[in-house]
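Here, each number is a calculation from the coordinates, and none is a lab measurement. Bear in mind the structure is a predicted one, so any value in this text is a computation, not a measurement. Glycine gets a Cβ as well: all are built from the backbone with ideal geometry, and neighbour counts include every protein chain shown.
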Amino acid sequence: EGGGVSNAIIGTMLMTLLATFIGVPTGVLAGVYLAEFGKNTRFGNWVRFTVNVLMGIPSIIIGLFVYSVLVFPVEQFSGFAGGVALAILMFPVVARTTEDMLSMVPNALREAALAIGNPRWMATLGIIFRAAKSGLITGVLLSVARVSGETAPLLFTALNSPFMMESLNEPVANLTVTIYQYAMSPYDD
């Protein structure tokens, strides 16, 4: 009674955290593959094209896709579906940033890491990631900032709820939709 947004803040944080746990590792893996292993390969070019296309897809289309895959078959809106939609939006930003930052590391550093006997994976994780650390962190923060302000995919996946959530398997309140509802509603709360 009396309104409030604590449920929306918690719901937004949990869905963004879930999206980060799904989207960041997959985006980093895709970016590492594109920068280190798939530069001039046919599969690498296909992955790069797919990532570029995903960056240009409107968020409402991602929301409709996740709705048709996760919400409609189960007939239940959920915070989990919202987190998956946000992760799909997060993936291309992280992948492109990772590829760009790793490509900016000089080849001499790669060759030096390999010359002292490091396997390729150890050189990538231990030396090249350290050289590109600030750019990688910037890409992750940019993707988190992008998805934490999204409204459209959450309307189709997490919907909204005026109540405090008990699990991510039910409709979850989120800040952007709650602010919209409070701005448009005629209620004093």
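Points to keep in mind about this one:
- Amide H contacts under 5 Å for V172, placed H, 5+ residues apart: G79, N160
- GluC sites (Glu not before Pro) restricted to the stretch 38-145 and DSSP loop, no more than 12 other C-beta within 10 Å: E75
- Near L102: Cβ cut-off under 12 Å, other residues only, Lys/Arg at +1 and Asp/Glu at -1. The net charge is +2.
- Rounded to the nearest Hz, the phi-derived 3J(HN,Hα) couplings of the stretch 108-121 under the Karplus curve 6.51 cos²θ - 1.76 cosθ + 1.60 (θ = phi - 60°) are 4, 5, 4, 5, 5, 5, 6, 5, 8, x, 6, x, 4, 5, where x marks glycine and proline.
- Of the residues L125, L141, L86, the one that moves most in a GNM of the chain with alpha-carbon contacts below 10 Å is L125.
- In terms of its C-alpha gyration tensor, the stretch 15-61 comes out oblate, because a/c is 1.5 or above while a/b does not outweigh b/c.
- The residues neighbouring T124, those whose beta-carbon lies less than 9 Å from its own, together hold a net charge of +1 under the Lys/Arg +1, Asp/Glu -1 convention.
- Centre separation in Å (Cα based) which lies between the stretch 35-107 and the stretch 150-189: 24
- The C-alpha atoms of the chain occupy a region whose extents along the principal axes are 67, 30, 25 Å, arranged from largest to smallest.
- Along the axis of the charge dipole computed for the chain (Cβ charges of +1 for Lys and Arg, -1 for Asp and Glu, origin at the Cα centre), the listed residues G149, G31, P171 are led at the positive end by G31.
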